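The values are calculated or read from the model by the stated rules, or taken from the named source; none is laboratory data. What you see is a predicted model, and the numbers here were worked out from it, not measured in a lab. We place every Cβ from the backbone using ideal geometry, glycine too, and count neighbours over all the protein chains shown.
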């Protein structure tokens, strides 16, 4: 009987060790699973941020594309007007009308074309004196006005340079993010 009790006790002890070992393995698996879930949630969050950034950039690109399409359309209209003006000769010689409104529209059209050409020219034409007469001369003699206009042009140019730099930085950043994803 004693021997049976001892064997039973050994068997119970062995089963207790097996149970403890199983619980320990279960605890380790549970901890490992929780760590994996946390890691996957972190990766999902990172991917969501990247996707959101790409969506934002996609919207910006679509806006830029739309603006460029509008600019191309405007340039096509200007090109058509310029072609028509060159094919019909100089303004005013072939026209039978003496309507000042027609002349004003033609002058404004030519002024816009001149401004556009000045942007790309190495030797731009000064528009200030072309469109003023003696009656308007008193308005243009204001040194404060000239300084304000110069300051405005300078700020406008600085803004354009800043805008180009910002676009370049965004483009480089997007390239780096893409490279990071590809790696």
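Assorted remarks:
- Qualifying residues in the range 81-104 (those that are within 17 Å of residue 130 (Cβ to Cβ) and either touching a strand residue (DSSP E or B) at 6+ places or on another chain (Cβ under 8 Å) or at pLDDT 80 or above (or both)) - the one surrounded by the most Cβ atoms within 10 Å (Cβ to Cβ): 103
- Selection status of residue 16, closer than 30 Å to residue 180 by Cα and surrounded by 10 or more Cβ atoms within 10 Å (Cβ to Cβ): no
- Among the residues of the range 42-91, just one is over 14 Å from the mean Cα position of the chain (by Cα), in contact (Cβ under 8 Å) with a residue 24 or more places away in the chain and within 21 Å of residue 172 (Cα to Cα), namely 50.
- So residue 22, is it surrounded by 10 or more Cβ atoms within 10 Å (Cβ to Cβ) and either closer than 19 Å to residue 173 by Cβ or in contact (Cβ under 8 Å) with a residue 12 or more places away in the chain (or both): no
- Conditions (1) modelled with pLDDT under 85; (2) assigned to a helix (DSSP H, G or I); number of the one not met by residue 68: (1)
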